[in-house]
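Trainee: Let me begin by handing over the structure; questions about it come next.
The values are calculated or read from the model by the stated rules, or taken from the named source; none is laboratory data. Note that the structure is predicted; figures quoted are calculated from it, not measured. Every residue, glycine among them, receives a Cβ derived from its backbone with ideal geometry; neighbour counts consider all protein chains shown. Please note that ligands, DNA and RNA were not included when accessible areas were found on the heavy atoms of the full protein model with its side chains. Shrake-Rupley method; radii C 1.70, N 1.55, O 1.52, S 1.80 Å.
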Amino acid sequence: MIAYKIRSLTGWRASLLAVFAGAFAALALAPLFVWPAIFVSFPLLVLLLDGRVGEARGRVRRFFHTGWLFGFGYFLAGLWWVGSAFLVDAETFAWLLPVAVMALPAGMALFWGLAAALASFAWREGKHASWGQIIVLACAFAIGEFLRGTVLTGFPWNLIGYAAMPSPLAMQSASLIGAYGVSALTVFAACLPVLVLKHGGWRGVVPTLAALIAAHLGYGAYSLSIASTANEPGVRLRIVQPNLTQDEKWDRDNEDAIMARYLALTQSSDGPQPTHVIWPESAFPFILQDRPDRLQQIAESLHGNTQLVTGAMRAVWPTSTTPEQVFNALYVVSSGGALLDHGDKTRLVPFGEYLPLGFVLKGVGLRQLVEGRGFTPGLQRKVIPIDGAPPFLPLICYEIIFSGQLLSGDQVRPGWIVNLTNDGWFGQTSGPYQHFHASQIRAVEEGLPVVRAANSGISGIIDANGRVRAALGLGKVGVVDGPLPRAAPITLYSRIGTLPFLLLICICYGVSIGLLRSGKRKQTV
């Protein structure tokens, strides 16, 4: 009866339910992790799609519209915190807040609309959701999520598979099939309860769902049971979390106070001296390479052979043939204050660190959120050697959210990942929790520990199985001291990457469509 009423909804009622169902699914994300929500939301989506079947003409458009509304609700509820960034400089950007809060979810929802449109080819008039159609829908969502993480630089924040990975126990499947593969299985499992409404019983559904959950969690339990807890010998880390407000952080008149806080925290502990100190993204409101006085201060704060890894702006000054370029970078600084190596951020945040179509948008008074002319993207990410520890891979800010796109195949495997970020833009919202959760999943996918330094939190040390060894919470000032966990053996996902998964998904999609159409032809003969 309930299923019939939902399928029969039309107009604004159906649209409102689609938005609500998508928003309800977002409860499964960090920091709430109410994962049962997806077992309500996705059956509602399937029933709404059932109601949009009708005649073949226009079916793709109707499915797209329903999928878009569902995605809009999900991303609106999951990304509302983005608006906080526009209140940092409220006089300049506050008027853009409602535009940003609505436009980003609307854009991300296009990929879920596309997923529903792809699934429409498995539906036909008079027939409601079946096993085959749910498989097609899961494959289509996986394709949509992959495209969301790839097209126009990509923004794979809050992949639907994250709903099935609230803890390290539930994250280990990502080491085999990655977050996109887990996303496909998540949608398939979440849609299964709708089959009960069609068939009137749990036969087939319960065993399948139980088997999926058992395999997912069973593999997690097995992986954690054999996972090493060993640390890299002789490596002692200190992560500094200054918790500077955005007004403080970018105020050039405040640089003495900024340096004083970093230096005091670096020297704050009475315990064993660290071998490596980590400061967060864009730690200074000045170009570090041009400030020997500040480098001397850093050298005086580092004991023995301690080295500093810090975020900082890096400038390439203009010449007669090249313009000035400023990079969002990471530096390795020696105990003597020398700049030993650097890595540049290759994936910049649109509208945050650079202005897309700047020559057009600047003409109407827009600029990026970060002060200045904007950053230049680095050409290639590289593994950085460092004395006294394994080489590391720098990932700055949201570079950590990209699954399976960390290194080119000819680069040596690092021993750890250093993620420097500044989540101070987003205050005490769910955004920093979601960012930290994504860092845990990258650790599992790659089998590499992640050392995370965040200006305002959450900073921490995550081992190669996604377990948090030590952390400092959001909005706190302090340090995180601890050893560096050892890397795990290279994972299957790290070895084969995303393309085999995508090929498999496309094959499953095509086979399912073929079988469903074959079944239709047999019924008409």
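Trainee: Considering every residue within the stretch 430-437, establish whether at least one is in contact (Cβ under 8 Å) with a residue 24 or more places away in the chain, in contact with a strand residue (DSSP E or B) (Cβ under 6 Å, 6 or more places away or on another chain), closer than 23 Å to Asp247 by Cα and of a type in the set (Ser, Thr, Tyr).
Mentor: no
Trainee: Taking the condition of being under 25 Å from the mean Cα position of the chain (by Cα) and modelled with pLDDT of 85 or more, how many residues in the stretch 327-357 meet it?
Mentor: Qualifying residue count for the region: 12.
Trainee: For the stretch 256-280, which positions are of a type in the set (A, V, I, L, M) and not in a helix (DSSP H, G or I)?
Mentor: Our first condition is that a residue be of a type in the set (A, V, I, L, M); within the stretch 256-280, this holds for 257-260, 263-265, 277-278.
The answer is Val277, Ile278.
Trainee: Enumerate the pairs (first residue in the stretch 440-451 and under 16 Å from Thr229 (Cα atoms) and β-branched (Val, Ile, Thr); second residue anywhere and part of a loop (DSSP other than H, G, I, E, B) and open to solvent by 10 Å² or more (accessible area, probe 1.4 Å)) with beta-carbon separation below 7 Å, excluding pairs fewer than 6 apart on the same chain, so at least 6 apart or on different chains.
Mentor: If the second residue must be part of a loop (DSSP other than H, G, I, E, B) and open to solvent by 10 Å² or more (accessible area, probe 1.4 Å), the pairs left are Val444/Asn465.
Trainee: If you don't mind, there's one more thing I want to ask. Is it the case that Gly204 is modelled with pLDDT under 90, small (Gly, Ala, Ser) and in contact with a strand residue (DSSP E or B) (Cβ under 9 Å, 6 or more places away or on another chain)?
Mentor: So Gly204 fails the test.
Trainee: Which residues, taken from the stretch 443-469, are within 19 Å of the chain's Cα centre (by Cα), open to solvent by 30 Å² or more (accessible area, probe 1.4 Å) and more than 16 Å from Ile400 (Cβ to Cβ)?
Mentor: Taking the stretch 443-469 first, the residues within 19 Å of the chain's Cα centre (by Cα) are 443-468.
Then drop every residue that is not open to solvent by 30 Å² or more (accessible area, probe 1.4 Å), which leaves 467-468.
Within the stretch 443-469, just Arg467 meets the criteria.
Trainee: Right, something else. Would you say Ile226 is at negative phi, among the hydrophobic types (A, V, I, L, M, F, W, C) and in contact with a strand residue (DSSP E or B) (Cβ under 6 Å, 6 or more places away or on another chain)?
Mentor: Judged against the criteria, Ile226 is not a match.
Trainee: Ok, one more. Considering only residues that are in contact with a helix residue (DSSP H, G or I) (Cβ under 7 Å, 6 or more places away or on another chain), open to solvent by 30 Å² or more (accessible area, probe 1.4 Å) and under 24 Å from Glu445 (Cβ atoms), which ones fall in the stretch 470-496?
Mentor: Leu492, Ser494
Trainee: Also: Is at least one residue of the stretch 97-104 within 20 Å of Pro43 (Cβ to Cβ) and either part of a helix (DSSP H, G or I) or at pLDDT 80 or above (or both)?
Mentor: Step one: filter the stretch 97-104 for residues within 20 Å of Pro43 (Cβ to Cβ), giving none.
No.
Trainee: Mind checking which pairs have a first residue in the stretch 31-44 that is free of Cβ contacts under 8 Å to residues at least 12 places away in the same chain and a second that is of a type in the set (D, E, K, R) and open to solvent by less than 10 Å² (accessible area, probe 1.4 Å), Cβ under 8 Å, 6 or more apart or different chains?
Mentor: Here the result reads none, with nothing in the stretch 31-44 linked to a residue that is of a type in the set (D, E, K, R) and open to solvent by less than 10 Å² (accessible area, probe 1.4 Å).
Trainee: Consider Arg314 carefully, then state whether it is assigned to a helix (DSSP H, G or I) and of a type outside the set (Phe, Trp, Tyr).
Mentor: Values: assigned to a helix (DSSP H, G or I): no; of a type outside the set (Phe, Trp, Tyr): yes.
So Arg314 does not fit the description; no.
Trainee: Is one or more of the residues making up the stretch 173-182 assigned to a helix (DSSP H, G or I) and open to solvent by 40 Å² or more (accessible area, probe 1.4 Å)?
Mentor: Start the filter on the stretch 173-182 by keeping residues that are assigned to a helix (DSSP H, G or I), which leaves 174-182.
With open to solvent by 40 Å² or more (accessible area, probe 1.4 Å) added as a condition, the list becomes 176-177.
There is at least one residue in the stretch 173-182 that is assigned to a helix (DSSP H, G or I) and open to solvent by 40 Å² or more (accessible area, probe 1.4 Å).
Trainee: Here's something else I'd like to know. Report yes if Ile134 is open to solvent by less than 40 Å² (accessible area, probe 1.4 Å), touching a Phe, Trp or Tyr at 6+ places or on another chain (Cβ under 8 Å), over 25 Å from Ser430 (Cα atoms) and of a type outside the set (Phe, Trp, Tyr), otherwise no.
Mentor: It is true that Ile134 is open to solvent by less than 40 Å² (accessible area, probe 1.4 Å), touching a Phe, Trp or Tyr at 6+ places or on another chain (Cβ under 8 Å), over 25 Å from Ser430 (Cα atoms) and of a type outside the set (Phe, Trp, Tyr).
Trainee: Could you go through the stretch 197-211 and let me know if any residue there is assigned to a helix (DSSP H, G or I), without any contact (Cβ under 8 Å) to a residue 40 or more places away in the chain and among the hydroxyl-bearing types (Ser, Thr, Tyr).
Mentor: yes
Trainee: Among the residues of the stretch 1-58 satisfying the criterion of being outside any helix (DSSP H, G or I) and among the small types (Gly, Ala, Ser), which is most open to solvent (accessible area, probe 1.4 Å)? So that I can check it myself, show each step before the final result.
Mentor: Taking the stretch 1-58 and keeping what is outside any helix (DSSP H, G or I), we get 1, 9-10, 29-34, 52-58.
Among the residues that remain, those that are also among the small types (Gly, Ala, Ser) are: 30, 54, 56, 58.
Details: Ala30: 9, Gly54: 35, Ala56: 76, Gly58: 26 Å².
For the stretch 1-58, the residue satisfying everything is Ala56.
Trainee: For the stretch 298-313, what are the residues that are open to solvent by 20 Å² or more (accessible area, probe 1.4 Å) and in contact with a Gly (Cβ under 9 Å, 6 or more places away or on another chain)?
Mentor: Glu300, Asn305, Met313
Trainee: So which residues in the stretch 212-237 are part of a loop (DSSP other than H, G, I, E, B) and open to solvent by 60 Å² or more (accessible area, probe 1.4 Å)?
Mentor: Matches in the stretch 212-237: Ser228, Thr229.
Trainee: Sticking with this one: With Phe436, Phe426, Phe402 as the choices, which residue is open to solvent by less than 10 Å² (accessible area, probe 1.4 Å) and farther than 16 Å from Ala487 by Cβ?
Mentor: Phe402
Trainee: Also, I was wondering about something else. Could you check how many residues of the stretch 405-421 are open to solvent by 10 Å² or more (accessible area, probe 1.4 Å) and either of a type in the set (A, V, I, L, M) or under 17 Å from the mean Cα position of the chain (by Cα) (or both)?
Mentor: Residues in the stretch 405-421 being open to solvent by 10 Å² or more (accessible area, probe 1.4 Å) and either of a type in the set (A, V, I, L, M) or under 17 Å from the mean Cα position of the chain (by Cα) (or both): 4 in total.
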